[in-house]
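Have a look at the structure below, then the notes.
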Amino acid sequence: MTDINPKQFSRRRFFACAILLLALGASVAFAFNPRASADSIRANLSQEVRVLIVFGNELFAHDLRVEQLSKKATLTRVEVESVNTKAADLKRQLPRIQQAFRSLMDKLKAVRQFDNFNAIVLTRARNATERTLMEEDGGPRRQLERLATDIPNLAKELDDEVQGLRSKLRAQAEENILNPKTLRRAVRVAFTPAAPVFFFRPLRCAYWKAVWFTSEPGSAEESEAFDKGKKFCSAGSSN
């Protein structure tokens, strides 16, 4: 074994300490740099985000159909039952969606980014409006926590929407029986609402904001999630 003199030993110890300090400094800088942290975890969340996007798109298409039928002057039983069938399919998927939200949080916690998740997301705000949306309802971290608990409540919302269409169908049938043909046109006009298609729905709003928060910045998915969320995050908004 080659002998190491004190001078060589000191030099090696110096370089070893320097490397250790550099590594430690890099890790600390990384931990306190939200944007770098976000870049590191984004790929790790991609599987859950994809699940949420696929389900969210199905839900959004369903919402469009429900609102379209709500605006119609008359409904058919086939139309209402088709909505009921889709609502049942969406409800069956809710346990998987709840697990996706829980998995997102678990992964963020595993890399010690959950506590800092608000700061990570806020670095992506491009203007004051986006920042306000991000900070609503306790911020991104709190919204993820609520979704992981509250997403099963979407089942009741879906049921209530189907029940609303069925009530309209029953009222329509009763009017057709009680009113002569000459009055049916007036009855049909009365069923047509003048209100915007979309209205404030907190659970859908939170859902699309969660997809927005966890999608790749600048991606089509992020843009679509933001646009869809706006339809449910503002009362009376149809934009």
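Pairs spanning more than 23 Å between alpha-carbon atoms, out of Lys109/Lys228; Lys86/Lys168; Lys86/Lys228; Lys86/Lys109: Lys109/Lys228; Lys86/Lys109.
Model label sites at Ser46 and Asn153, defined 7 Å from Cα along the beta-carbon direction, differ in position by 3.4 nm. Cβ-Cβ distance of Arg77 and Asp227, R₀ of 45 Å, FRET efficiency by 1/(1 + (r/R0)^6): the value works out to about 0.85. Here Arg112 and Arg92 are evaluated by their C-beta separation; at R0 = 22 Å the FRET efficiency comes out at 0.05.
Bear in mind that the values in this text are calculations on the coordinates, not laboratory data. On a predicted model such as this, the values are computed, not experimentally measured, just so you know. Here Cβ is always computed from backbone atoms with ideal geometry, including for glycine, and neighbour counts include all displayed protein chains.
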